[in-house]
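Undergrad: Quick one: the structure is below, questions incoming.
Each value in this text was obtained by applying a stated rule to the coordinates, not by laboratory testing. Note that the structure is a prediction, hence the values are computed from the model and not measured. Positions of Cβ are generated from backbone atoms using ideal geometry, with glycine treated the same way; all protein chains shown enter the neighbour counts.
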Amino acid sequence: MNHLLSIADLSREEVLRLFRLTAALKARQKAGDRGAPLAGRSLALIFEKPSLRTRVTFEVGMVQLGGAAVYLSAQEIGLGVRESIPDVARNLGRWVDIVAARTFRHATVETLAAHAAIPVINGLSDVEHPCQALADFFTLWERGMDPGRIRLAWIGDGNNVCHSLLLLAALLGTPLAVATPPGYAPDPGIQARARALGGRVMLTTDPREAAEGADVLYTDVWISVGQEGEREQRLEAFQRYQLNDRLLGFARPGALVMHCLPAHRGEEVTDSVLDGPQSVVLDQSENRLHAQKAVLLHLLGGGDV
Ligand code: CP
Ligand code: NVA
């Protein structure tokens, strides 16, 4: 069974095939061509945490492919409370063709995948956000940027989004400099995995060092969903890590600014940078739609568009 729980579930060749498929699906949508390669197929969406982009892009993506999506909040189905996670997975596997799940614990998406008998997509766990990383690197790829010839800098928390970017950067040969406060570096296991894939990872606590010479600066919230209890200590720790005009000034002229969104304006990023001419955050957001349609087709064996 094919799942997308981690970027490490994909090979470099599969990622490049997904990019080509994403581009074709995007062009097709823009041309108003509404084929229905997933007619009669269904996606179940399980969300333990809030979402704008992930929910809308999966639901709309299924509509655009001719299929249907069913949204299930964790409270509604009582995931692991009213019913065990394996039992939820076994039942869903009898009704729908594929599941996408946003969970607090990465182990929950793994348990769903182990028992569903259908493909499972990680829609953000505490460890990874693979759909985001695919849309992000596609956003650079569609602009004609060669992943092997650019330098990426991550500024802020070494979190779930950073982990998937690290793994995808490794697969595609993009050097990635990560600047985090001490104690907030990416998970050592993910770092090791990225390096084993040939990744060139540079870790620093100095945001300027990471930004210097970068073609792309990426940041994310300092307080991810589930970390609200650490708010005060995190705001203190991350003070020097704001992506503002000064930090952007150390990157290459015209460097792109990325953020997975939602943004906490005035914390990790300033309005001037987020809304400025170098920001591609809405392209990233738009591309979630098409990248996930490519993932759905890939996992459901309908990738010949
Ligand atoms: N970037 C992202 O996954 O956004 P949502 O949390 O709104 O889904
Ligand atoms: N790191 C953020 C990403 C949200 C898309 C979080 O986990 O809340």
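Undergrad: Could you give the angle, 0 to 90 degrees to the nearest 10, between helix 106-116's Cα long axis and the longest principal axis of the Cα atoms of the chain?
TA: Helix 106-116 and the main axis of the chain meet at about 20 degrees.
Undergrad: Something else about it: So how tilted is helix 160-172 from the main axis of the chain? Cα-based, degrees 0 to 90, rounded to 10.
TA: Once rounded, the angle reads 90 degrees.
Undergrad: Sticking with this structure for a sec: Remind me, what semi-axes does region 1-147 give for its equivalent ellipsoid, largest first in whole Å, using sqrt of 5 times each Cα gyration tensor eigenvalue?
TA: Values: eigenvalues 142, 65, 36 Å².
So the equivalent ellipsoid measures 27, 18, 13 Å along its semi-axes.
Undergrad: Ratio to report: Rg/Rh of region 70-115, with Cα atoms as the point set and Rh obtained by the Kirkwood method; give two decimals. Before the final figure, lay out each step's value.
TA: Details: Rg = 9.7 Å, Rh = 10.7 Å.
Using only Cα positions, Rg/Rh for region 70-115 is 0.90.
Undergrad: Sticking with this one: How large, in Å, is the chain by the Kirkwood hydrodynamic radius built from its alpha-carbon pairs? Before the final figure, lay out the partial values.
TA: Numbers: mean 1/r = 0.0512 Å⁻¹.
It is 19.5 Å.
Undergrad: Quick one: if the Förster radius is 41 Å, what FRET efficiency do ALA68 and SER272 give, using the C-beta to C-beta distance and rounding to 0.05?
TA: Working: r = 42 Å, r/R0 = 1.02.
FRET efficiency, ALA68 to SER272: 0.45.
Undergrad: A follow-up question, please. Between region 155-176 and region 5-59, what is the separation of their alpha carbon centroids in Å?
TA: Centre-to-centre (Cα) distance: 20 Å.
Undergrad: Would region 89-243 count as rounded, prolate or oblate if I go by the C-alpha gyration tensor, calling it rounded below 1.5 in a/c and otherwise prolate when a/b exceeds b/c, oblate otherwise? Present the calculation step by step, with values, prior to reporting the outcome.
TA: Working: a/c = 2.28, a/b = 1.41, b/c = 1.61.
It is oblate, given that a/c is not under 1.5 and a/b is not larger than b/c.
Undergrad: Convex hull volume of the Cα atoms in region 263-305, per residue, in Å³? Provide the component values of the computation, followed by the final result.
TA: Values: hull volume 3.5 nm³, N = 43.
Given the Cα convex hull of region 263-305, per-residue volume reads 80 Å³.
Undergrad: Continuing with this model, one more query. Can you tell me the mean projection area, over all orientations, of the convex hull of region 129-179's alpha carbons? Units nm², please.
TA: Values: hull surface 12.3 nm².
Here the figure is 3.1 nm², rounded to one decimal.
Undergrad: Can you tell me the equivalent ellipsoid semi-axes for region 99-163? Use √(5λ) from the Cα gyration tensor, largest first, whole Å.
TA: Working: eigenvalues 151, 45, 11 Å².
For region 99-163, the ellipsoid semi-axes come out as 27, 15, 7 Å.
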